[in-house]
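**Student:** Structure provided below as structure tokens; questions to follow.
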Amino acid sequence: MDRAADAADWPGRMVVSYEAATKPDTQAGRDLMQQSQFLEGLADSINQSMKLPNDIALKGAECGEENAFWSAADQTITMCYEYADWALKTFTKLGDPDPAASARGLLMATFYHETGHMASSIYDLPTTGREEDVADQAAAYILLQPGDDGRLDQDALNAIMNYARGFQQDSEDRGPEVPDWLLADPHTLDKARMYNFECWVYGADPVGNAGLVGDGMLPQDRADGCEDEFAKLNHAWGTLLDPYLK
């Protein structure tokens, strides 16, 4: 079946729901998303930009863990209330002036990571690396597309940088020792993911984001190759997604 040819007639939409929250922490996570209609905004962005073969559920839910995930079997992206609560507590602890905004930024980047998994699944896209790394690249591709004025969206930049800060905090919380189970995990190590996202932000606009190197966040040796790295990422995901974009 030629999925790209069929995509012109696909009727699907992303549909939002919020499940019940039964504990104070999950209620806080649900409120962070529901009171601002956060998931509704993300679903609108997908419905305006991507062709879907069938309805896709975007669900806020109590999961019993700090997580977010795509289920091909259920055709659902789930954003866990526990993860939203963790993000809010993390940026409150870090002293952000608006920790709720920082938390929603992290959740936005997480959603587009899961969108990468979704796209690979529903479009049957080829991948040439570990799927978690590919999904990170998809999130960067989507969030780092310039607007009509040729500039990157500031909210999207903030989302990626807060996502990277989340990985940094996770790494610091675990300490310097890296256990074998973490080395065997399908996800790249948190601190490496942090540097990847910083690299792609820099590579998308080396002039506008020169402060990443100047402030010592991104090592110069990595930064030297980031413009080419992002260009390859941008070309790959642009080629893969082009038949399925509205």
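**Student:** Report whether or not Asp44 is of a type outside the set (A, V, I, L, M) and in contact with a helix residue (DSSP H, G or I) (Cβ under 6 Å, 6 or more places away or on another chain).
**Tutor:** Details: of a type outside the set (A, V, I, L, M): yes; in contact with a helix residue (DSSP H, G or I) (Cβ under 6 Å, 6 or more places away or on another chain): no.
Criteria not met by Asp44.
**Student:** So is Gly238 in contact with an Asp or Glu (Cβ under 7 Å, 6 or more places away or on another chain), more than 25 Å from Lys89 (Cα to Cα) and modelled with pLDDT of 95 or more or not? Working first, answer last.
**Tutor:** Details: in contact with an Asp or Glu (Cβ under 7 Å, 6 or more places away or on another chain): no; more than 25 Å from Lys89 (Cα to Cα): yes; modelled with pLDDT of 95 or more: yes.
Against the criterion (in contact with an Asp or Glu (Cβ under 7 Å, 6 or more places away or on another chain), more than 25 Å from Lys89 (Cα to Cα) and modelled with pLDDT of 95 or more), Gly238 does not qualify.
**Student:** Quick one: how many residues across segment 80-108 are of a type outside the set (A, V, I, L, M, F, W, C), over 18 Å from Lys59 (Cβ atoms) and either in contact with a Pro (Cβ under 7 Å, 6 or more places away or on another chain) or assigned to a helix (DSSP H, G or I) (or both)?
**Tutor:** The first filter runs over segment 80-108 and keeps only residues of a type outside the set (A, V, I, L, M, F, W, C), leaving 81-83, 85, 89-90, 92-93, 95-99, 102, 104-105.
After this cut, where a residue has to be over 18 Å from Lys59 (Cβ atoms) as well, the list is 89-90, 92-93, 95-99, 102, 105.
Still in the running and either in contact with a Pro (Cβ under 7 Å, 6 or more places away or on another chain) or assigned to a helix (DSSP H, G or I) (or both): 89-90, 92-93, 99, 102, 105.
Total satisfying the criteria: 7.
**Student:** Right, here's the next one. How many residues, within segment 16-50, are more than 14 Å from Met79 (Cβ to Cβ), in contact with a strand residue (DSSP E or B) (Cβ under 7 Å, 6 or more places away or on another chain) and in contact (Cβ under 8 Å) with a residue 40 or more places away in the chain?
**Tutor:** 2
**Student:** Out of curiosity, is Ser102 touching a Phe, Trp or Tyr at 6+ places or on another chain (Cβ under 7 Å) and over 22 Å from Ala236 (Cα atoms)?
**Tutor:** Against the criterion (touching a Phe, Trp or Tyr at 6+ places or on another chain (Cβ under 7 Å) and over 22 Å from Ala236 (Cα atoms)), Ser102 qualifies.
**Student:** Restrict the check to segment 201-215 and report whether at least one residue is surrounded by fewer than 12 Cβ atoms within 10 Å (Cβ to Cβ) and among the small types (Gly, Ala, Ser). Break it down stepwise before answering.
**Tutor:** Of all residues in segment 201-215, those surrounded by fewer than 12 Cβ atoms within 10 Å (Cβ to Cβ) come to 207, 211, 214-215.
Among the residues that remain, those that are also among the small types (Gly, Ala, Ser) are: 211, 214.
Within segment 201-215, one or more residues are surrounded by fewer than 12 Cβ atoms within 10 Å (Cβ to Cβ) and among the small types (Gly, Ala, Ser).
**Student:** I'd like to check which helices (runs of 4 or more DSSP H) are fully inside segment 118-191 and have at least 1 residues that are surrounded by 19 or more Cβ atoms within 10 Å (Cβ to Cβ) and modelled with pLDDT of 95 or more. I'd like the intermediate steps shown before the answer.
**Tutor:** Numbers: elements: 131-143, 154-174, 180-183.
Output list reads 131-143, 154-174.
**Student:** Another question about this same structure. For segment 192-227, how many residues meet the condition of being of a type in the set (Phe, Trp, Tyr) and outside any helix (DSSP H, G or I)? Spell out the reasoning first.
**Tutor:** Within segment 192-227, the first condition is being of a type in the set (Phe, Trp, Tyr), and the residues that meet it are 195, 197, 200, 202.
Now narrow it down to the ones that are outside any helix (DSSP H, G or I): none.
Number satisfying all stated conditions: 0.
**Student:** Looking at this structure, is Ala57 of a type in the set (Gly, Ala, Ser) and under 18 Å from Tyr112 (Cα atoms)?
**Tutor:** Values: of a type in the set (Gly, Ala, Ser): yes; under 18 Å from Tyr112 (Cα atoms): yes.
Yes, satisfied.
**Student:** Would you check if there is a residue in segment 41-63 being of a type in the set (Gly, Ala, Ser) and assigned to a loop (DSSP other than H, G, I, E, B)?
**Tutor:** Our first condition is that a residue be of a type in the set (Gly, Ala, Ser); within segment 41-63, this holds for 41, 43, 45, 49, 57, 60-61.
Then drop every residue that is not assigned to a loop (DSSP other than H, G, I, E, B), which leaves none.
Looking through segment 41-63, none of the residues is of a type in the set (Gly, Ala, Ser) and assigned to a loop (DSSP other than H, G, I, E, B).
**Student:** Would you point out the residue of segment 78-107, among those that are in contact (Cβ under 8 Å) with a residue 60 or more places away in the chain and in contact with an Asp or Glu (Cβ under 7 Å, 6 or more places away or on another chain), that is nearest to Ser17 (Cα to Cα)?
**Tutor:** Step one: of segment 78-107, the residues in contact (Cβ under 8 Å) with a residue 60 or more places away in the chain are 81, 85, 87-88, 90-91, 94, 100, 102-104, 106-107.
When the remaining residues are screened for being in contact with an Asp or Glu (Cβ under 7 Å, 6 or more places away or on another chain), the result is 81, 85, 102.
Working: Tyr81: 13, Asp85: 18, Ser102: 23 Å.
Among those that are in contact (Cβ under 8 Å) with a residue 60 or more places away in the chain and in contact with an Asp or Glu (Cβ under 7 Å, 6 or more places away or on another chain), it is Tyr81.
**Student:** Additional query: Pairs please, first residue from segment 108-133 and over 17 Å from Leu39 (Cβ atoms), second anywhere and buried (at least 19 other Cβ atoms within 10 Å of the Cβ) and polar (S, T, N, Q), Cβ atoms under 9 Å, 6+ apart in sequence or on different chains.
**Tutor:** Partner pairs satisfying both residue conditions: Gly116/Gln137; Pro126/Ser120; Thr127/Ser120; Gly129/Gln137; Glu131/Ser120; Asp133/Asn196.
**Student:** So in segment 81-109, with the set limited to residues that are charged (D, E, K, R) and within 16 Å of Ile160 (Cβ to Cβ), which one is nearest to the chain's Cα centre (by Cα)? Write out each step before concluding.
**Tutor:** Taking segment 81-109 first, the residues charged (D, E, K, R) are 82, 85, 89, 93, 96, 98, 104.
Now drop any that are not within 16 Å of Ile160 (Cβ to Cβ), which leaves 96, 104.
Numbers: Asp96: 20, Arg104: 11 Å.
If we take residues in segment 81-109 being charged (D, E, K, R) and within 16 Å of Ile160 (Cβ to Cβ), then Arg104 is nearest to the chain's Cα centre (by Cα).
**Student:** Is it the case that segment 8-16 has a residue that's touching an Asp or Glu at 6+ places or on another chain (Cβ under 7 Å), under 26 Å from Glu132 (Cα atoms) and part of a loop (DSSP other than H, G, I, E, B)?
**Tutor:** Going through segment 8-16, the residues touching an Asp or Glu at 6+ places or on another chain (Cβ under 7 Å) turn out to be 12-13, 15-16.
Pick out the ones that are also under 26 Å from Glu132 (Cα atoms) and you get 12-13, 15-16.
Checking the rest, the ones that are also part of a loop (DSSP other than H, G, I, E, B) come to 13.
Checking segment 8-16: at least one residue is touching an Asp or Glu at 6+ places or on another chain (Cβ under 7 Å), under 26 Å from Glu132 (Cα atoms) and part of a loop (DSSP other than H, G, I, E, B).
The values are calculated or read from the model by the stated rules, or taken from the named source; none is laboratory data. None of these values were measured; they are calculated from a predicted model. Here the Cβ is made from the backbone with ideal geometry for all residues, glycine too, and neighbour counts use every protein chain on show.
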